[in-house]
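The values are calculated or read from the model by the stated rules, or taken from the named source; none is laboratory data. On a predicted model such as this, the values are computed, not experimentally measured, just so you know. Glycine also receives a Cβ, built like all others from the backbone with ideal geometry; neighbour counts cover every protein chain displayed.
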Amino acid sequence: MNNLLEAPLVGETRRNHALEHATIHILSERFPGRPMAGHSNPTGFFLLGDLPTEHVREAVVEALTRLQNGERHLAIHEGCGTNYVVTGGLAALFAFAGMSGTKNNRERLERLPLVMMLSILAFVIGRPLGPALQHKVTTEADPGDLALVDVYPVAQSVHRVVTRA
């Protein structure tokens with residue numbers, strides 16, 4: 001699995017994903033309550049949020065420095081899509097399993113309490129599983145030779161962060 005996670009394009013995306021999370025952590029401290037989101041790819045990431053470009057650039061530089069200095073916890077973010085995909089996927093799978101074999105609406109209604117309990121179980125399992133998958137699969141907290149190339153606005157409330165390995 002490690003070879004696949006370091007394959008071309010995959011490894012770069014994972015490092016940029018970690019940098020994206022670290023940047024959002026820093027910006028969230030500076031702009032509490034401001035909504036932000038990101039999307040990573042092999043050449044950097046997009047940052048969505050009503051933020052001044054100079055603050056985004058400063059946060060990216062600080063985030064990269066802090067990751068390079070071993071602050072690995074910054075690579076994990078509670079608002080990551082990985083968490084939502086894991087929890088939602090488990091809930092859908094458990095609900096499907098709970099409803100499997102039903103033939104009519106009456107049977108489905110009778111199984112509703114079971115499906116609700118299974119969905120709650122999926123939520124309980126998904127809460128720690130999402131961050132664990134971020135740690136092991138979707139992010140790489142060691143930036144290696146990742147370097148910042150540029151930060152620039154591409155649209156209102158959207159910044160592009162360009163990196164190179």
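Structure notes:
- Cβ-Cβ distances below 8 Å connect the following pairs, each with a first residue in region 55-77 that is over 23 Å from Lys136 (Cα atoms), a second residue that is assigned to a loop (DSSP other than H, G, I, E, B) and of a type outside the set (Gly, Ala, Ser), and a separation of six or more residues or different chains: His55/Phe31.
- All conditions but one from (1) out of contact with any helix residue (DSSP H, G or I) (no Cβ under 8 Å at 6 or more places or on another chain); (2) hydroxyl-bearing (Ser, Thr, Tyr); (3) exposed (fewer than 14 other Cβ atoms within 10 Å of the Cβ) apply to Thr13; the one that does not is (3).
Quick grid of which residues meet (1) at pLDDT below 95; (2) under 18 Å from the mean Cα position of the chain (by Cα); (3) outside the structural domain of Glu12 (by TED's automatic domain parsing):
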position	(1), (2), (3)
Arg108	yes, no, yes
Ala122	no, no, yes
Pro128	no, yes, yes
Tyr152	no, no, no
Ser157	no, no, no
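- Restricting attention to region 144-159, the residues that are touching a Gly at 6+ places or on another chain (Cβ under 9 Å), touching a residue at least 60 places away in the same chain (Cβ under 8 Å), surrounded by fewer than 20 Cβ atoms within 10 Å (Cβ to Cβ) and over 30 Å from Asn3 (Cβ atoms) total 2.
- Exactly one residue out of Gly11, Gly33 is over 12 Å from the mean Cα position of the chain (by Cα) and in a helix (DSSP H, G or I): that is Gly11.
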